[in-house]
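First the structure, in the form of structure tokens, and then the observations on it.
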Amino acid sequence: MRNEACGAIAIAGLLVAGCDERPVGVVPPCTHSERGLWAATEPSALDLLLVIDDSASMAEEQAALIAELPRLFEILTHGDLDGDGGQEFTAFPWIHAGVVTADLGAGPVLVPGCSEGLGDDAILRQSSRRGSPCQSRYPSSVFTFGGGASNDEVVSQLGCVTDVGTSGCRFVQPLEAALKALAPVSARSWTATDYDPPRFLSVEGVPDGTAGQGEGPNLEFLRPGAVLAVLVLTDDDDCSVRDDGLFDPDDPRFAGTPLDLRCARAADHPSIERPIERYVRGLSGLRRSPDTFVFGVIAGVPTTLEPVEDLERALAEARASVRVDDTGAQLVPSCTSGRGEALPPVRLLETARDLDALGARVTVSSICGDSLAPAIDAFAAALARTQPIGCLYQPLVRGDGGLVDCSMYELLAAGQRCDEGRGRTLEELVVDDTGSGRALCHVAQVALGATDPGWFYDDTGAALELCGWPYRIGFVHGAEPGPGAEHRMVCARSVEVDSSREPWCDADHARTTPCRVGMFCDRDDDRCGTAGLSCDPVHALCGIPCESDEDCVAAGADARCDLRSLGALLGPAAAEPERPRRICVRPTCGP
């Protein structure tokens, strides 16, 4: 004979009642009640800034990136990392994408290969230099994916403005351009607590003479609650400066240094070159938590280092490869491809390394590969890790048809309805603390690999890659959780009982039918016979009573005394809300 009991645990944005299907030993395995416990699983929006080098050697590299944009946004808007039609992560419901160039000019003097002034000044691009089907100018510099818009059309428009040309300044400043494009005038509620808004060179060349564009021309781009990502594409290194005299052919401080070696020599002049710390703190500080900032670099890293997982090694090789060629006027490239050559990206790698140490999500890839597909895959995977992906800490047992013995419920935001076309059916209306009615939906379970709408249990290598262990909950494309949705998943835990004995603990006749841990009991009686057990007021199962963890030692090393109040565990169903539970439990439902 078998009886059923359940529990719930909070896991990676889902409340999951993950209970064993095997005999559990001397204590029930769950610490929480299934009732009244909820967790938000709202997916984040994404603000993605593309920083493109538009110097003379970048035509083919820009084309290679534009060719990958449709696939990148297909991944991000569907949550499908490997292109198999399944969902490996929660898709981004809304995406802002924008483009700036790495051209910040060369200051007030005339410099060969650069325009005077501030170049493109880190202002998001609206124009395209292509002909039909591109428009000469788009209504907005912010390209929005989601909300029912045609992603094919939007990604085509984004490709039009990403083709920035090759007439930009020879001195590229991608780090300064990224920071200037995004920086607000002052600290905001959504910036880091120690955020100090940076200042930038003015058109007259005055250091720290002007504010960023985050609340100027680029005001509509950055949203407080979104994941923020920056992707840099360049075949050069960063040359961000606070003194544009570095670019002046006649500046006596650099007499005898060819223009093409100026940036490589800038480190010898600390008052000239912007410190890396400016970009580490400035970019990550645009978010309260660094792990919601993603920094991607596609630059002159040798393809032999891909996938770039050891940033220190990549940086050491980049530093070692900075050397002058036989002409004495140019640097030796760090990698080459059919598209051309690239230089060692020392400053970009230093920034990536320090951002990674701070907790940001970082990818570094080579611009010299046969295609930029590996770079896009790595960047998309980093973005995926910012989204809730339903990781589980223990396996579930599959039954007939590959399904698990679990039910998922979704509590929608006020005013939303269960849509059966998305695998939802209405269970009941729940009144929240504002008095509004919220729909509680049952979400259909489908087998792994199915195309019907619903959720599925995944214990494959994809789950291992995303979670670090091979168990997770996913949603079929089209059935993803909507904004504001909350979820609970309840799984049955079978309690094996000796078939030769009565499974119900009768306290009054316990001498003839001994009560044991795991037997069902009358919670109103509170007794479990004469064996020193108590009836758990949460699960109505016999358990070991306790006043502290020390009382639970005999129950096993991982047992703990649950002293939470019944009100916290059972909600309004608790008859004595202030009474502690006082039952030995295990901390998780793991095997």
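The values are calculated or read from the model by the stated rules, or taken from the named source; none is laboratory data. Predicted, not measured: the structure shown is a model, and the values here were computed from it. So basically every Cβ, Gly included, is an ideal-geometry build from the backbone, and we count neighbours across all protein chains shown.
Things worth noting here:
- A count restricted to the range 95-119 and to residues that are touching a residue at least 60 places away in the same chain (Cβ under 8 Å) and either in contact with a Gly (Cβ under 8 Å, 6 or more places away or on another chain) or part of a strand (DSSP E or B) (or both) stands at 16.
- Scanning the range 296-344 for residues that are outside any helix (DSSP H, G or I), within 18 Å of A378 (Cα to Cα) and either of a type in the set (V, I, T) or not assigned by TED's automatic domain parsing to the domain that holds R262 (or both) turns up V297, I298, V301, V308.
- The criterion of at least 1 residues that are modelled with pLDDT under 75 is met by the following strands (runs of 3 or more DSSP E) wholly inside the range 425-531: 437-443, 486-496.
- The lone criterion from (1) in the same structural domain as A320 (by TED's automatic domain parsing); (2) at pLDDT below 95; (3) over 30 Å from P270 (Cα atoms); (4) not aliphatic (A, V, I, L, M) left unmet by R361 is number (3).
- Scanning the range 208-233 for residues that are touching a Gly at 6+ places or on another chain (Cβ under 8 Å) and not small (G, A, S), we see that the one that is farthest from A91 (Cα to Cα) is N218.
Yes or no, residue by residue, for (1) farther than 23 Å from I95 by Cβ; (2) in contact with a Lys or Arg (Cβ under 7 Å, 6 or more places away or on another chain); (3) in a helix (DSSP H, G or I); (4) free of Cβ contacts under 8 Å to residues at least 40 places away in the same chain:
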| position | (1), (2), (3), (4) |
| --- | --- |
| D354 | yes, no, yes, no |
| V362 | no, no, no, no |
| S365 | no, no, no, no |
| D370 | yes, no, no, yes |
| A375 | no, no, yes, no |
| A382 | no, yes, yes, no |
| P395 | yes, no, no, no |
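- Residue match in the range 265-279 (condition: touching a Gly at 6+ places or on another chain (Cβ under 6 Å) and touching a residue at least 24 places away in the same chain (Cβ under 8 Å)): no
- Sole residue being touching a Ser or Thr at 6+ places or on another chain (Cβ under 6 Å) and at pLDDT 90 or above, chosen from D120, D196: D120
- Filter result for A554 (at pLDDT below 85, exposed (fewer than 13 other Cβ atoms within 10 Å of the Cβ) and not in a loop (DSSP other than H, G, I, E, B)): yes
- Residue under evaluation P197, criteria (1) over 28 Å from L246 (Cα atoms); (2) in a loop (DSSP other than H, G, I, E, B), criterion not met: (1)
- Residues that are crowded, with 19+ Cβ neighbours inside 10 Å and either of a type in the set (S, T, N, Q) or under 22 Å from R129 (Cβ atoms) (or both), drawn from the range 192-215: Q213
- The listed residue being modelled with pLDDT of 85 or more and surrounded by fewer than 13 Cβ atoms within 10 Å (Cβ to Cβ), out of S128, S136: S136
- Of all residues in the range 242-254, those that are touching a residue at least 60 places away in the same chain (Cβ under 8 Å) have Cβ atoms under 6 Å from Cβ atoms of residues that are part of a helix (DSSP H, G or I) and charged (D, E, K, R), 6 or more apart or on another chain, in L246/R262.
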